[in-house]
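The next block holds one structure in the form of structure tokens; read it before the comments.
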Amino acid sequence: MTSGLVMPLQKIFAPQLPIVFSLLFLPHGIRVLAVYFLGWRGVLYLIPSSYLMWAISVYGSSIDLAILGPLASLSVVYIAVRMVKTFTESRSTDAFRFSWKECLAIAAIASVFNGIVLSILHGSSFNWILIIGYSSGDMAGQIVLLLLLIAFMKISRKLSKFI
């Protein structure tokens, strides 16, 4: 969805922006939710798909992305999850416990760290445009994903009443 819909629209409506980041990066939301629920195993499970997306972006769209980018992005999400769970003392062992506030805090921290790390990997120095672009795209992706999940849950509850 990011490569096929968001990026072409971004090229049309904001051609001046660097092509290395997306203003609506939905995979960040997937990363946050996977690591939130699965911990370090979520990082391991997402490595193949992250590198597949990297390969499609680099070779399919001719975007210059660092080979360590996917691993760095997954790592900063894990660090953000650990930070938020430590500071909120969220130690519940219930696999289905969910806090949207924690998810948004994790996404915000991880998106800033991700922006910094990817900016450094991309150009070996701080590039504020890239940092802000990566961070805003990641946060927008997380928010849109959570809204889509809320809508899906409401629709599924309404449909379950009819079945």
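The values are calculated or read from the model by the stated rules, or taken from the named source; none is laboratory data. Just so it is clear, the model here is predicted, and its values are computed rather than measured. Positions of Cβ are generated from backbone atoms using ideal geometry, with glycine treated the same way; all protein chains shown enter the neighbour counts.
Can F126 be described as outside any helix (DSSP H, G or I) and over 23 Å from T88 (Cα atoms)?
yes
If we scan the range 32-49, do we find a residue that is under 16 Å from G137 (Cβ atoms) and more than 12 Å from the chain's Cα centre (by Cα)?
Within the range 32-49, none of the residues are under 16 Å from G137 (Cβ atoms) and more than 12 Å from the chain's Cα centre (by Cα).
Give the number of residues within the range 100-141 that are under 13 Å from S73 (Cβ atoms) and of a type in the set (D, E).
Qualifying residue count, the range 100-141: 1.
Given (1) under 15 Å from L104 (Cβ atoms); (2) without any contact (Cβ under 8 Å) to a residue 40 or more places away in the chain, where does S125 come up short, assuming only one miss?
So the condition that S125 fails would be (1).
Within the group K154, K161, which residue is among the basic types (K, R) and either at pLDDT 90 or above or within 20 Å of W54 (Cα to Cα) (or both)?
K154 is the lone residue from the list that is among the basic types (K, R) and either at pLDDT 90 or above or within 20 Å of W54 (Cα to Cα) (or both).
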